[in-house]
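Inspection log for the structure reproduced underneath, given as structure tokens.
The values are calculated or read from the model by the stated rules, or taken from the named source; none is laboratory data. Bear in mind that the values here come from a model prediction, so they are computed numbers and not experimental data. Backbone-built Cβ (ideal geometry, glycine too); neighbour counts: all protein chains shown.
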Amino acid sequence: MVRVQQAMTPPDDSEDWLGLRAGALPAAGAQEWLGRPDCGAVVLFSGTARDHSDGRQGVDLLSYEAYESQAGPRIRAVCAELRRRWPAVGRVVILHRTGDVPLGESAVVVGVSAPHRDEAFAAARYGIDAVKACVPIWKRERWEGGDDWGVDGADLVDPRAVGRPAAGAGEAGAR
């Protein structure tokens, strides 16, 4: 189940740790949890709040809002598609923060473990790309000149469409 949680701990009964949380994300705990004896590769991506974005210098705070009733099913769909594409993946972590995110802190953590590095890197890259493309979570930025929604918003897509060439675009259309 994906829901906003106050305490965020890894699951005892699943190989998928998925969640939304208002508060700091456990990136180090996720890294540790991902390891399994049958997996020789662990890849963890942690997207942190930075001090600028396109045309906005002096960003000092990010804030995220999620359409929670849709974010959970979308995160589960991303995880399911990741597992369909890379069936050898051991564990999957997809955690996103809601609310205020101070500079330097993680806004999103996506990680996988797999027997080999090639599939671990590919699956982790897909995971973060798909979260950004498929899950209804919006970023608000505060900077020296004011505050507004992030400039990189786009229409949401189905997880199966992430990383696939656009119709008629060939490889040039791949993300």
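Overview of values
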| item | result |
| --- | --- |
| Contacts under 9 angstrom Cβ, first residue in the stretch 138-149 being free of Cβ contacts under 8 Å to residues at least 40 places away in the same chain and within 13 Å of L103 (Cβ to Cβ), partner assigned to a strand (DSSP E or B) and not polar (S, T, N, Q), 6 or more apart | none |
| Lone qualifier among R74, R91 - being at pLDDT 95 or above, in contact with a Ser or Thr (Cβ under 6 Å, 6 or more places away or on another chain) and not hydroxyl-bearing (S, T, Y) | R91 |
| Residues of the stretch 46-88 classified as in a strand (DSSP E or B), among the aliphatic types (A, V, I, L, M) and out of contact with any His (no Cβ under 8 Å at 6 or more places or on another chain), total | 2 |
| Number of the condition not met by G104 [criteria: (1) assigned to a loop (DSSP other than H, G, I, E, B); (2) more than 23 Å from W149 (Cα to Cα)] | (2) |
| Out of W143, W86, sole residue that is at pLDDT below 95 and farther than 19 Å from A22 by Cα | W143 |
| Evaluation of L18 against (1) part of a helix (DSSP H, G or I); (2) touching a helix residue (DSSP H, G or I) at 6+ places or on another chain (Cβ under 8 Å) (one fails), failing number | (1) |
| The stretch 115-135 residues that are touching a residue at least 40 places away in the same chain (Cβ under 8 Å), paired with ones that are assigned to a helix (DSSP H, G or I) and not hydrophobic (A, V, I, L, M, F, W, C) (beta carbon under 7 Å, 6 or more apart) | Y126/R85; A130/E81; A130/P159; C134/R74; C134/P159; V135/R74 |
| Residue, surrounded by the fewest Cβ atoms within 10 Å (Cβ to Cβ), within the stretch 17-50, restricted to residues that are within 14 Å of the chain's Cα centre (by Cα) and of a type in the set (V, I, T) | T48 |
